[in-house]
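Working notes, beginning with the structure itself.
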Amino acid sequence: MKCKLGIAFGLSLMFLTGCVATDSGSQSAAAHSGDSLEQIIADKGCDASFQCKVIPVGERLTCGGPSRYLVYSSRNVNEADVERAAKAVTLAEQSENQNKIASEICEPVLPVQALCISNECQSIVLK
């Protein structure tokens, strides 16, 4: 059953697309919120792939969709805390985007799947 859930999760991620930004701005409120999120999900230890999750974070100005996908282990965190922190980053990026002029180049983001490899959740790019 766990294997089937992992496969279904992976297949559903194959259809996710987004954009890649070319902006390398200074540290902002979104970056600071991201630091907090990164700290929450820092321990990526796992026993099985069903514990490895992917969460969309941020928002692109021109193309829409998340600015990135992060992998974390549900074994080591409260998922509600992860979702709250990801939402805070997304809201901060939405707020910043209101003051920007669209200058991104939209490119599809390759789908990712999170797998437990050597007892650590890792992002695998599906091609």
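The values are calculated or read from the model by the stated rules, or taken from the named source; none is laboratory data. These numbers come from a predicted model, not from an experiment. Backbone-built Cβ (ideal geometry, glycine too); neighbour counts: all protein chains shown. Heads up: the accessible areas ignore ligands, DNA and RNA and are worked out on the full protein's heavy atoms, side chains in. Shrake-Rupley method; radii C 1.70, N 1.55, O 1.52, S 1.80 Å.
Regarding segment 8-17, can at least one residue be identified that is open to solvent by 50 Å² or more (accessible area, probe 1.4 Å) and either of a type in the set (Gly, Ala, Ser) or at pLDDT 85 or above (or both)? Looking for residues that are open to solvent by 50 Å² or more (accessible area, probe 1.4 Å) and either of a type in the set (Gly, Ala, Ser) or at pLDDT 85 or above (or both), one finds at least one in segment 8-17, hence yes. Scanning segment 36-91 for residues that are under 25 Å from ILE105 (Cβ atoms), under 14 Å from the mean Cα position of the chain (by Cα) and part of a loop (DSSP other than H, G, I, E, B) turns up GLY58, GLU59, ARG60, GLY65, PRO66, SER67.
Condition first: open to solvent by 60 Å² or more (accessible area, probe 1.4 Å) and of a type in the set (S, T, N, Q). Now tell me which residues in segment 40-83 satisfy that. Selection gives THR62, ASN78. A search for C-beta distances below 9 Å between a residue of segment 50-61 that is free of Cβ contacts under 8 Å to residues at least 60 places away in the same chain and any residue that is β-branched (Val, Ile, Thr) and open to solvent by 50 Å² or more (accessible area, probe 1.4 Å), counting only pairs 6+ apart in sequence or on different chains, returns ARG60/VAL20; LEU61/ILE101.
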